[in-house]
1. Could you tell me what % of all Cα pairs in the range 2-65 have separations over 18 Å?
2. For the range 210-349, with all protein chains present and a 1.4 Å probe, just round the carbon and sulfur fraction of the accessible area to a whole percent.
3. List the residues whose amide H sits under 5 Å from the amide H of Val162, counting only those 5 or more places along or on another chain, with H placed 1.01 Å from N in the peptide plane.
4. List the GluC sites (Glu not before Pro) in the range 105-182 that DSSP assigns to loop (not H, G, I, E or B) and whose Cβ has at most 14 other Cβ atoms within 10 Å. Which are they?
5. What accessible area per residue, rounded to a whole number of Å², is obtained for the chain using a probe radius of 1.4 Å?
6. State the answer as a single residue: which of His82, Pro324, Ala126 lies farthest towards the positive end of the charge dipole of the chain, with beta carbon charges of +1 for Lys and Arg and -1 for Asp and Glu, about the Cα centre.
7. Report the GluC sites (Glu not before Pro) located in the range 251-309 that are in a DSSP loop and have at most 15 other Cβ atoms inside 10 Å of their Cβ, or state none.
8. Find how many whole Å separate the alpha carbon centroid of the range 52-86 from the alpha carbon centroid of the range 168-220.
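The values are calculated or read from the model by the stated rules, or taken from the named source; none is laboratory data. Just so you know, these numbers come straight off a predicted model, no measurement behind them. With ideal geometry, Cβ positions are generated from the backbone for all residues, glycine too; neighbour counts draw on all protein chains shown. Only protein heavy atoms, including side chains, enter the accessible area calculation; ligands, DNA and RNA are left aside. Shrake-Rupley method; radii C 1.70, N 1.55, O 1.52, S 1.80 Å.
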Amino acid sequence: MILPKNSRLTPEQLAEVTAIVTEFGCKIQPIVGAVRSIYAIVGDERDELMINRLEGLDYVERIDRIQSPFKLMDRRSDLANHRLKIGHVTLGEDLLIIAGQCTIDPKNPNYYLETSLAVKEAGANALRGGVWKPRTNPYSFQGDARSLEILMDASRRTGLPVVTEVMELEHINLALDAGVHVLQIGARNALNYSLLRQVGRAIAGRTTAVMLKRSIHSGPLAEFISAAEYIAAFGNPNVILCPRGTQPQLEGYRNQPDESITPLLKEKTWAPVVVDPSHSVGKAAYVPAAALAAVAYGADGLCIEAHVNPPHGIGDDPKQAVTPSALAELVKRCRALHATLRPPAAARA
Ligand code: PEP
Ligand code: MN
């Protein structure tokens, strides 16, 4: 990893370092952070001769040689100071609350708009809404591309950024063209490496973020972080990790709640963690406690399913969506807990 002295290499400097690494069979992948860019050396970067030549350049601050399976996402990486901003919220500073319906019903667009206005009122800073849905049963409602318009209309009317799941390249392109702010990779696709590559390539050079859910099948934490690395490796490090419960099931809950991995993730990676308590516990009544637990474990945000009229929702909404009034209460309590655990930056200094 090449760290320049200034915030970015000039085109001439980039051409020079590219020429050097090419001699050694490597390539350069710029990773564009908000404040500074770093330059990954792709290939076998252990050649001392190459490192010496790069270190000798007067515009190179240093060459980072972290031995980690996830060089970019590792908390020792120079991206550790990278901050993601979703709408007005800077992750790591304020608690991000993403809320909204599991699924947008294209036949009842008013529900989505009503839900969106209500969750904003309840304190959400971003909206969620499923346009395309991964369903266990092929005959269940699979989503509808027309819902994308409903999603973006709610975004305009509330002024809030939106999150939606993408499952294939066509979804990625449609969502990006429509202006979706955060693309979700769901728990079923969390280890679909070709999709991770496609989404990483598609968001490179944009401000779009990706929220990567943890695989439905629990694996080592390094597997989760490495999946995020797949996305960041194309140059846009705006990746959020989202624990959402894993199988095998804990009797009574939809999945095995896994918000407690948050501090473990934070030991390994700088990536922000947004916990989804809704899919974790799978029942509206249990969501507030799971949300509070996530904040207690140090989550930077929550992603919560909510609906103005849950029994009339589709997908997961009848079972696990909280009402706007329940959301308002849980947001209030979660923000209070977050403030207790993390005093404002001025008080921390
Ligand atoms: C969803 O967000 O509605 C969803 C299907 O999520 P997950 O991939 O966590 O099941
Ligand atoms: Mn859902």
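1. Above the 18 Å cut-off, the range 2-65 has 24 percent of its Cα pairs.
2. 58
3. Leu127, His181, Val182
4. Here the sparse-neighbourhood loop sites are Glu168.
5. 44
6. Value computed over the given set: Pro324.
7. On the way: sites: Glu251, Glu259, Glu267, Glu305; in loops: Glu251.
Filter output for the range 251-309: Glu251.
8. Between the Cα centre of the range 168-220 and that of the range 52-86, the gap is 24 Å.
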